[in-house]
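Notes follow once the structure below has been shown.
The values are calculated or read from the model by the stated rules, or taken from the named source; none is laboratory data. Quick caveat, the model's predicted, so the values are computed rather than measured. Neighbour counts run over all protein chains shown; Cβ positions are idealised from the backbone, glycine included.
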Amino acid sequence: MDYQITPSYDAEKSVWNVALSGEFDIFNSPELKTELNNLIKGEGKAELVLDCEELTFMDSTAIGTLVAVLKNVKVHNGSITLKNVKPSVLKLFKITSLDKIFNIAGDANG
Amino acid sequence: MDNEFNGSNLQTIEISLPGNAAYVSSARLAASSIAGRLNFDVDEIEDIKAAVSEACSLFIENAGGGTFTITFAPSPGKLSMKFRLNQETSASFDDAAIGILMIKALMDKFETDYKDKRPVISMQKIHHEFSL
């Protein structure tokens, strides 16, 4: 399964921009969790912007992982923003009402 | 190659997978391919892929290293799927689990069964053009 987690640090804004591509499910969610938590730990800064433009699929395991990372981020008074979320992925956030706890900045078609 | 199933080539497809997370994407790929041949639209196929992924995750969490079988039963305008654990377990699915809630929201029919201690998840997606 093709997937990538590509972080880059914006020093000016003190934000980690993380490009997610491919599919995330029960298989690679543990890696997603480790990668994102390491970013928070590494910089002592907990602002994450996840660019989902190339994210083609995410299931409840991956969404649950983001919730776990969000809890960690909130401990550091930070936030997680998701941008360019495809409608099919956004639908899953809405079904679970988890769209209310993340900042979702717009979908890939808009 | 025909682009869709018709009355003469509607066949049941069965795949058996190890209770290993690495193969969930294979189940999604199979479901996507079969749904595409039934002329489900892109949104419906995404719903089916998500539901299949959730069901596989539930079985992997309860498979205890065993295997489970997915049966795809296409028919005109609808796709029925049955997930069956191939060994006995005392485990059952939590109806409030996020995966179950997702499947219920994404599919038109959903039910669980625990006959002979072998959990079964059945679900069905109806192509919206057929349900009008």
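Please determine whether any residue of region A:4-18 is aromatic (Phe, Trp, Tyr), within 14 Å of chain B (Cβ to nearest Cβ) and assigned to a strand (DSSP E or B). I'd like the intermediate steps shown before the answer.
Taking region A:4-18 first, the residues aromatic (Phe, Trp, Tyr) are A:9, A:16.
Cutting the leftovers down to within 14 Å of chain B (Cβ to nearest Cβ) gives us none.
No; the residues of region A:4-18 include none that is aromatic (Phe, Trp, Tyr), within 14 Å of chain B (Cβ to nearest Cβ) and assigned to a strand (DSSP E or B).
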Worksheet item: Given the conditions (1) within 13 Å of chain A (Cβ to nearest Cβ); (2) touching a Ser or Thr at 6+ places or on another chain (Cβ under 7 Å); (3) not hydrophobic (A, V, I, L, M, F, W, C), which single one is not true for B:Asp94?
Response: (2)
Discussion item. Anything in region B:3-35 that is modelled with pLDDT of 95 or more and farther than 17 Å from A:Ile26 by Cβ? List them, or say none.
Written reply: B:Thr12, B:Ile13, B:Glu14, B:Ile15, B:Ser16, B:Ser32, B:Ser33, B:Ile34, B:Ala35
Discussion item. Kindly evaluate A:Lys45 against the criterion of being surrounded by 15 or more Cβ atoms within 10 Å (Cβ to Cβ) and either at pLDDT below 95 or more than 14 Å from the chain's Cα centre (by Cα) (or both).
Written reply: yes
Worksheet item: For region B:41-64, does any single residue satisfy the condition of being within 11 Å of the chain's Cα centre (by Cα), surrounded by 15 or more Cβ atoms within 10 Å (Cβ to Cβ) and β-branched (Val, Ile, Thr)?
Response: yes
Worksheet item: Do you know which residues across region B:114-130 are buried (at least 17 other Cβ atoms within 10 Å of the Cβ) and within 17 Å of B:Asp95 (Cα to Cα)?
Response: B:Pro119, B:Val120, B:Ile121, B:Ser122, B:Met123
Fill in: Search result, residues across region B:74-132 that are in contact (Cβ under 8 Å) with a residue 40 or more places away in the chain, part of a helix (DSSP H, G or I) and not hydrophobic (A, V, I, L, M, F, W, C)
B:Gly99, B:His128, B:Glu129, B:Ser131
Worksheet item: Is it fair to say B:Leu101 is surrounded by 15 or more Cβ atoms within 10 Å (Cβ to Cβ), more than 12 Å from the chain's Cα centre (by Cα) and within 24 Å of A:Phe93 (Cα to Cα)?
Response: yes
Discussion item. Quick test of your reading of the structure: B:Ser33 fulfils all but one of (1) of a type outside the set (A, V, I, L, M, F, W, C); (2) without any contact (Cβ under 8 Å) to a residue 24 or more places away in the chain; (3) more than 22 Å from B:Glu129 (Cβ to Cβ). Name the failing condition by number.
Written reply: (3)
Item to complete: Sort out which residues of region A:19-42 are buried (at least 16 other Cβ atoms within 10 Å of the Cβ), outside any strand (DSSP E or B) and polar (S, T, N, Q), and write them in order of number.
Response: A:Asn28, A:Ser29
Response to the item:
All conditions in (1) at pLDDT 95 or above; (2) away from chain B (no Cβ under 14 Å) are true of A:Met58 except (2)
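In this structure, does A:Gly78 turn out to be touching a helix residue (DSSP H, G or I) at 6+ places or on another chain (Cβ under 9 Å), surrounded by fewer than 22 Cβ atoms within 10 Å (Cβ to Cβ) and at the interface with chain B (Cβ under 9 Å from one of its Cβ atoms)? Lay out the reasoning, then the answer.
Details: touching a helix residue (DSSP H, G or I) at 6+ places or on another chain (Cβ under 9 Å): yes; surrounded by fewer than 22 Cβ atoms within 10 Å (Cβ to Cβ): yes; at the interface with chain B (Cβ under 9 Å from one of its Cβ atoms): no.
Answer is no for this residue.
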